[in-house]
Amino acid sequence: MVSYASVYKTKDRIFQQELDTKHDKHERLVKISRDVTIESKRTIFLLHRVTSVPDVEEILSEADVKLDGVRQKIGQIAEELRGEDLHQFHRAFTPGIQEYVEAVSFHHFIRHRTLMSLEEINARLVFMRENKGEGEVAWTGPSVLTFQITPIDYLLGVADLTGELMRMCISSVGNGDIDTPFQLSGFLRQIHDGFSYIGNTGPYEVSKKLHTLRQSLGKVEDACYTLRVRGSEIPKHMLADVFSSRAATHVDPDEPMV
């Protein structure tokens, strides 16, 4: 006759194995997310060079290659989540996904001067499983994997994008480009208006980002005001210094330094 103690021990071992498996998967997702964040940041730094080089398309093509590499990392996340509840592991990979949204949206804006939609981003996160070679274990799962970025991660990534656009504005002025700040001002105003509709009714993280978004918009509008009112008085090579010093006076103590 099987004792209750042996039954409980068996169940404990099963539960322990399940918890260990989930913990190991969580740690792998955290590591992949860090890789996604690092490569996305490198792509953003590369894209900032478009304000100072004659061949913008060369920079965009190089960024395309880097973003393809990031998408391959996201494919690894999709494979780890196959058959799992995404929300159980969401905190493990959300930082990397937000950084990817920021990078791919920045790339899209530079090329098209529009905001990349969530549907367009998700359409690129479809991964084909390569056939196994001879002697390898046959793949029993689906041959196509998809990863769907959540609306929350998309909104948080777009909110972070506004900070990069603000920096692009300052860099553009420093290189004698007077038109880009006004384009960025109108674009940021549209993003701000969209976030304002969400207000305090959305998730806490989104409403918290709204403060940073307003700061970025304020700095760009301040730059446009200076250009319009005092642009003829300030030599072009000094405009960037003027805007950088004015922006520094508006830096929020909670805003991360780059």
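A Cα-only calculation for segment 179-222 places Rg and Dmax at 11.1, 36 Å.
In this structure, the pairs whose alpha-carbon distance is over 29 Å, taken from Lys31/Lys209; Lys66/Lys209; Lys41/Lys219; Lys22/Lys209; Lys25/Lys66, are Lys22/Lys209. From the alpha carbon centroid of segment 161-184 to that of segment 110-128 is 23 Å.
Taken together, the values in this text are just the output of simple stated rules run on the coordinates, not laboratory data. Treat the numbers as computed from the prediction; the structure is a model and nothing was measured.
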